[in-house]
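A short write-up of the structure that comes next.
Read the figures in this text as sums done on the coordinates, not as results from a lab. Keep in mind it's a predicted model, so treat the numbers as computed, not measured. No Cβ is skipped: glycine too gets one built from the backbone with ideal geometry, and neighbour counts run over all protein chains shown.
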Amino acid sequence: MVSEKILSGLPVAQAINESTRLKITLGDFTPNLAVLFLGENADDLSYRVQLKKSADLLGVTIAEIALPADVTAAKLRKEIQAINADHSIHGVLIQTIRDAKLREVVLHTLHIDKDAEGILAHNFQDLEYGTADIVPCTAGAVRSLILAAHKPEELQGKEAVIINSSPVIGIPLFLMLQQLGMTTTTCNRYTKDLATYTKRADLIVTATGKRGIITAESLGDKMPSIFDVSIIRENGHIVGDVIHSDELFEKVHCVTPVPGGVGPVTVATLLAQCVHLCEKFKGKVREHRHHEAV
């Protein structure tokens, strides 16, 4: 019973990776993803290791760009401008930047053609209009998992609760689920009486970093599907927001594990989007050469 309720991200990631590998093989190109990071962070390092492993299997090269944790805005801007100008780099992942001024530098300097993460305003605008081919990776990964668990027509008219309001998870997911025809409510870790929302939900996405924010007691009788995005280090283990128990499994349609749920699909989505940007770049080069020849 328990294993039947666990929605592993591995088969979904594998399907995305197979499609990505086929594009690389047929296109006969080598995509290059730059990974820029500041200082050393255990979670960021773990993600890079997983990313490099997946990229190697697909034929995507990874170029790591390490900057000091106390990097200045001017230095960061110069580094991103160099990436923008480097035609050998097709996409960029910029790992955790907590300083608001440095985040502004990223958002105002990174070129749209290199935005493999889908974090820039132009890509977000495309998402609002339902025309985006590049989306925030984690939100895109959750959408892929949702569509692995449910046919689109099953979601129409159903209620979704997203416990996150960030511009890379909660807000884009709100738009994605609305476009799938769901009635969607956005909450956060500070929402009062959160259970009043989760108990009526057919689908729950939680990304708060607050262990135990979702338990069996948080659920009603609608057998919701739960997608746990959080990564929490607890007593030497990696866990999520959701407390798994026999009682919870009796009350859910499915729940993603941590680790092994959203994470692998996020990596696959990032690499797929890097390959897409590489394809677009190669297309522009061919078009430019054609015009020169004419």
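Descriptive notes on the structure:
- Most mobile of Gly236, Gly27, Gly140 in a GNM of the chain (Cα contacts under 10 Å): Gly236
- Evaluated at q = 0.11, 0.14, 0.19 Å⁻¹, a Debye calculation over the C-alpha positions of segment 154-294 (equal weights, vacuum) places log10 I(q)/I(0) at -0.48, -0.69, -1.12.
- The smallest convex shape that holds all Cα atoms of segment 1-133, its convex hull, gives 153 Å³ per residue.
- Share antiparallel - DSSP beta bridges, the chain, percent rounded to 5: 10
- A cut-off of 5 Å between modelled amide H atoms, ignoring neighbours fewer than 5 places along the same chain, links Leu93 with Ala34, Val35, Leu36.
- Degrees, to the nearest 10: 100-109 long Cα axis against longest axis of the chain: 50
- Take every pair of alpha-carbon atoms less than 8 Å apart whose residues are at least six positions apart; their mean separation over the length of the chain yields a relative contact order of 23 percent.
- Between Gly209, Gly260, Gly39, the residue with the greatest mean-square fluctuation in the GNM of the chain (Cα pairs under 10 Å linked by springs) is Gly39.
- Residues Ser19, Ser218, Ser88, sorted so that the one with the fewest Cβ neighbours within 10 Å comes first: Ser88, Ser19, Ser218
- Residues Met223, Met182, Met176 in ascending order of nearby Cβ atoms (within 10 Å, fewest first): Met223, Met182, Met176.
- Antiparallel DSSP beta bridges within segment 157-244, as percent of all bridges there, nearest 5: 20
- Sparsely packed loop sites in segment 70-150 (the trypsin sites (Lys or Arg not before Pro) outside DSSP H, G, I, E and B with at most 10 other Cβ atoms within 10 Å) comprise Arg98.
- Cβ-placed point charges (K, R +1; D, E -1), dipole of the chain about Cα centre in debye, nearest 20: 360
- Once you divide the Cα radius of gyration of segment 88-226 by 2.2 N^0.38 Å, the number left is 1.13.
- log₁₀ of I(q)/I(0) at q = 0.14, 0.31, 0.34 Å⁻¹ - segment 57-99, Debye sum with one point per alpha carbon: -0.39, -1.34, -1.43
- Sorting Ser46, Ser144 by the number of Cβ atoms found within 10 Å of their own Cβ, with the fewest placed first, yields Ser46, Ser144.
- Based on alpha carbons, the Rg and Dmax found for the chain are 19.8, 69 Å.
- Within straight-line cross-link reach of Lys5, lysines at Cα separation under 25 Å, skipping those fewer than 8 residues along the same chain: Lys151, Lys158, Lys199, Lys210, Lys222, Lys251
- Among Ile162, Pro259, Val275 - extreme Cα towards positive end, dipole of the chain, charges at beta-carbon: Val275
- Sum of -39500 (n - 2.57) over DSSP H runs of 4+, divided by residues of the chain (222 nm, nearest 500): -14500 deg cm²/dmol
- Between the C-alpha center of segment 99-114 and that of segment 177-244 there is a gap of 30 Å.
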